[in-house]
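Rule-based calculations on the coordinates, nothing more; no lab input. Quick caveat: nothing in here was measured; it's all calculated off a predicted structure. Glycine also receives a Cβ, built like all others from the backbone with ideal geometry; neighbour counts cover every protein chain displayed.
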Amino acid sequence: MTIYNLGSINIDHVYRLAELPRSGETIHSLALSHGLGGKGANQSVAAARAGARVVHLGAMGPGDDWVIARLQDAGVDTTGIARLPDTATGHAIILVDETGENSIILHGGANRALNAETLVRDLTGIGPGDILLMQNETNLQAEVAAQAREAGATVIYSAAPFEITALREVLPHVSILAMNEGEAARTFAALGDTLPVQGLLVTRGAEGAEYRDLLRGETYRQPAFPVTALDTTGAGDCFAGWFAAGLARGEDVSTALRHAAAASALQVSKHGAGDAMPERAEVLRFLGEQP
């Protein structure tokens with residue numbers, strides 16, 4: 001089973017701050033670092049390090065070859081990443097305070113310039129048993145989701161950054177909708193509690209996560225593992241990538257949730273987003289230490 005990820009690729013510019021700035025305020029940063037990011041790249045790295053076969057579908061500018069190398073080092077198949085001339089690689093300005101909370105500004109760049117013909121070609125191998133991961137940081141979401149569902153694949157859509165218009169367009173083709181609790185509340189307010197999907201994956205930060213199987217009417221809950229968070233950037237991506245990898249490995253929902261929660265606990269204990277995704281051996285060792 002293969003995970004295809006139609007996902008953004010960003011270069012993260014991370015500024016460490018004593019506290020996040022208020023409106024109109026100028027403050028000094030404590031440190032600056034650069035790393036691999038983008039919700040798509042984060043999820044691809046997370047799923048690959050969880051042991052899944054991952055094919056990333058996306059685009060970058062003509063430079064920044066180190067990004068491709070990072071993805072390949074994590075075990076991600078990068079042959080579906082287009083290099084677009086005269087287009088900037090996507091990037092993010094990330095502000096992180098001393099408690100690990102963050103604010104983020106995105107520039108889509110190549111992530112929003114994907115070519116439909118190229119994606120149709122790169123997705124021809126998808127079929128029953130495969131998974132398509134998606135997030136709201138690229139163009140052509142509804143078109144690719146429709147192609148994957150028609151081929152019999154499971155479509156997991158992370159509704160972030162949250163936009164109700166984008167969600168409405170892709171929702172008819174989604175199998176599992178992944179959201180945090182704030183996004184879930186906004187979704188229910190706009191669309192009601194009855195959604196045309198098989199399942200809902202809702203992350204709740206320090207309170208853990210839950211999966212609602214809407215076909216069977218069952219809810220699975222997973223508490224968070226207590227850790228000291230250094231940086232919450234990419235935590236939701238880590239959870240989604242590991243959960244998808246669990247399903248791809250044939251794990252039951254409870255096991256996939258537990259592994260995803262452990263991976264997210266380890267990820268927020270480090271600085272960075274994509275570069276902080278844990279390896280499978282690290283997660284299993286962490287779980288072995290839990291009561």
Toy charge model, Lys and Arg Cβ at +1, Asp and Glu Cβ at -1: segment 1-132 dipole around Cα centroid in debye, rounded to 20, equals 240
Computed, not fitted: 222 nm per-residue ellipticity of the chain from DSSP H runs ≥ 4 (each -39500 (n - 2.57)), nearest 500, equal to -9500 deg cm²/dmol
Semi-axes of segment 95-200 from the Cα gyration tensor (sqrt of 5 times each eigenvalue, largest first, whole Å) come to 25, 19, 12
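Translational diffusion coefficient of segment 1-151 at 37 °C, 0.692 mPa s, Stokes-Einstein with Kirkwood Rh over Cα pairs, in µm²/s as a whole number. Let's see the in-between values first.
Details: Rh = 16.2 Å.
Here the translational diffusion coefficient equals 203 µm²/s.
Please compute the contact order of the chain in relative form: average sequence separation of alpha-carbon pairs under 8 Å and at least six residues apart, divided by the residue count, as a percent.
Working: 688 pairs, mean separation 56.6, N = 291.
Taking the mean separation of contacting Cα pairs over the length of the chain, I get 19 percent.
Please work out the Cα convex hull volume for segment 1-87 and give it in Å³ per residue.
Working: hull volume 11.5 nm³, N = 87.
Considering the Cα atoms of segment 1-87, their hull volume per residue is 132 Å³.
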With N residues in segment 69-140, Rg(alpha-carbon) / (2.2 N^0.38 Å) equals 1.38
Computed on Cα atoms, the radius of gyration and Dmax of the chain in angstrom are 17.9, 54
The base-10 log of I(q)/I(0) that the Debye equation returns for segment 1-46 at q = 0.26, 0.28, 0.32 Å⁻¹, one scatterer per C-alpha, is -0.90, -0.95, -1.07
In whole angstrom, largest first, the equivalent ellipsoid semi-axes that the Cα gyration tensor gives for segment 178-291 are 24, 16, 12
Expected unfolding gain across residue 190-residue 146 under the 0.36 nm per residue rule, minus the alpha-carbon gap, is 13.6 nm
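Share of Cα-Cα pairs in segment 78-118 beyond 15 Å, in percent?
Details: 455 of 820 pairs.
Result for the distance tail: 55 percent.
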